Amino acid sequence: MNTALRSAPALGTHLAGGSLPSRAEIRDQMDHAAFDLLVIGGGILGISTAWHASQSGLRVALVDSGDFAGATSSASSKLLHGGLRYLQTGAVKLVAENHFERRAVAHQVAPHLANPLTFYLPVYRGGPHGAAKLGAGVFAYSALSAFGDGVGHVISPEKARRAVPELRTENLRAVAVYGDDQMNDARMALMTVRAAVDSGAAVLNHAEVTGLRFTGGRVTGADLRDRTDGSEFGVDARLVLNATGPWVDHLRKMEDPGAAPSIRLSKGAHLVLRRTAPWRAALATPIDKYRITFALPWEDMLVLGTTDEEYEGDPADVAVNEKDIRQILDEASLSVTDQQLSRDLIAYSYAGLRVLPGGPGGTSTAKRETVVTEGTGGMLSVAGGKWTTFRHIGRMVLTKLETLPGHPLGQGAEPVSELPKKMPLPGIANPHAVAHRLLIDEGVPNAGIAPDTAKHLATHYGTLAYDIARLTYEKPELAERIHPEAPEIWAQVVYARDHEWAQTAEDVLRRRTTLTIRGLDTDAIKTKVEEVLARRH
């Protein structure tokens, strides 16, 4: 352990109950401190690497030109899963590794942020797979997770319909059953940022890289512009990590204008619909030999998707178009009744970009593996991989950083191999216990939080929900709902401002809460959120 690093001021740390440092203070700290590692990119891969690096004792700075998890990392299918379809290609070891990571997150790292989800795999007459094959597949899938989610099996259409009222039963022969987990991806990412900061990392969102800094031909930092006020600053670091996701090659060309492309992009679009009835399971319906379309109950809504097609435009312009909507609804109609697929029920749509290795073949069959390259200036670039394995990828990148010649990162710092294997995220707790305490425990004063709000707070913040509850006790008006049709309350906006780096109404409504995804981010609400943010200390 490098005691010098451990005893140095923890630049990003903020104490429980206290507010974050101001942006000006963080900029000044970044401008004048010497860092071991600068991570450019606040998606989950950059965040996870910053978390593990700061845990190991390195001085870490993390910046993003937008919000944390502002692009691909908050545009996923919201799943922590082993990857059932990978069994089709014989990737047994990969599925087992994914299951290990999934269960670690769901049980030891973030049980307050992950929820078990039963999946139904319907087998229709004339479909790409038979009942026997899928039955054997889900059994093998559950075996690779040591049957921790039960034994994969096959049930009758009638039994499945009781859990999924909108399941289409015409020509339905059987339903295979297996288990995975789901999450709110934006909340999981933000809690990982909080973990990095609690370990000493300095972080700043809405900070755009305008140029790289070089020393003797090596990349040793970056010049930045704060997009909130236009102020300029810089960060010096022994090593720079490019974790900008779909923009990874853009930053590589800043390092070396002649750098060849290292990735290709695949667009994945989703629709979010209001539900017409409660669902107690998700549907994973085979489209062809390789593709599956999901219908996922999530946050009291239904998420449909996803598409998978090559994308060659500006990553900033990715959006759901009419073709995507038609494809998603058409594919969902294979297993979901027309009543639930009315366009009038669509509350929101979103699209993200998968980062895939360059190469031939279609994107649907391309491996979801992490691409790691070292540039001519010594900058390490990392992109791709699965949300489920975010901890593993962070550790893998840090291990790679440790072995690069000429980069004595934080000499004496703790190697990643000696870090705890399952470091928990902040707020870890049984969410049912947290919700119960929010409702009845006099030790957590609040202004009368409703049961659905208590459940929502418990499953999005864990024990940090108590800090939000105390805000309502100090100011009872903060216990009011932001919108009558959603469980979120105004105390969450104040908390997002003071403790979760929210700078804009979109930061709050799209990623710190679910108002935008529910289609409830009215102009009046946006204006009031902006007023709350403007009262920043």
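The values are calculated or read from the model by the stated rules, or taken from the named source; none is laboratory data. This structure is a prediction, so every number in the text was calculated from the model and none was measured. Glycine gets a Cβ as well: all are built from the backbone with ideal geometry, and neighbour counts include every protein chain shown. Quick note on the areas: whole protein, heavy atoms, side chains included, nothing else; ligands and nucleic acids left out. Shrake-Rupley method; radii C 1.70, N 1.55, O 1.52, S 1.80 Å.
If E25, E208 are ordered by their accessible area, calculated over protein heavy atoms with a 1.4 Å probe, which sequence runs from highest to lowest?
Numbers: E25 100, E208 60 Å².
So, going from the largest accessible area down, we get E25, E208.
Can you tell me the alpha carbon radius of gyration of region 455-496 divided by the globular rule-of-thumb value 2.2 N^0.38 Å? Walk me through the intermediate numbers first.
Numbers: Rg = 9.4 Å, N = 42, 2.2 N^0.38 = 9.1 Å.
My calculation over the Cα atoms of region 455-496 gives 1.03.
If you take every DSSP beta bridge fully contained in the chain, what fraction is antiparallel? Give it as a percent rounded to 5.
Details: 64 of 82 bridges.
For the chain, the DSSP antiparallel bridge percentage is about 80.
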Sort E374, E418 by accessible area with a 1.4 Å probe, largest first. E418, E374
In 5 Å bins starting at zero, report the fraction of Cα pairs in region 165-291 per bin as a rounded %. 2, 6, 10, 13, 14, 12, 9, 8, 8, 8, 5, 3, 1, 0
Accessible-area value, I449, 1.4 Å probe, nucleic acids and ligands omitted, Å²: 20
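Sorted by packing (mean other beta-carbon atoms within 10 Å per residue), highest first, where do 302-312, 316-326 land?
Values: 302-312: 20.1, 316-326: 13.5.
Output ranking for 302-312, 316-326: 302-312, 316-326.
Output the antiparallel fraction of DSSP beta bridges having both residues in region 245-311, as a percent to the nearest 5.
Values: 17 of 17 bridges.
Given both bridge residues lie in region 245-311, the antiparallel proportion sits at roughly 100 percent.
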Please give the Cα centre distance for region 482-537 versus region 16-93, rounded to the nearest Å. 22
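Going down the table (K93/K267; K386/K526; K267/K422; K267/K289; K267/K386; K267/K323), which pairs top 22 Å between alpha carbons?
On the way: K93/K267 27 Å; K386/K526 32 Å; K267/K422 32 Å; K267/K289 20 Å; K267/K386 15 Å; K267/K323 12 Å.
Long pairs (Cα-Cα over 22 Å): K93/K267; K386/K526; K267/K422.
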Need one value: the accessible area of T210 in square angstrom, 1.4 angstrom probe, rounded to the nearest 10. 80
Just by accessible area at a 1.4 angstrom probe, what is the order of D300, D288 from largest to smallest? D300, D288
Using square roots of five times the C-alpha gyration tensor eigenvalues, list the equivalent-ellipsoid semi-axes of the chain in whole Å, biggest first. 36, 29, 22
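For region 144-189, what is the convex hull volume of the alpha-carbon atoms per residue, in Å³?
Details: hull volume 5.8 nm³, N = 46.
Per residue, the Cα convex hull of region 144-189 comes to 125 Å³.
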Over the Cα atoms of region 222-365 the radius of gyration and the largest Cα-Cα distance (Dmax), both in Å, equal 19.5, 58
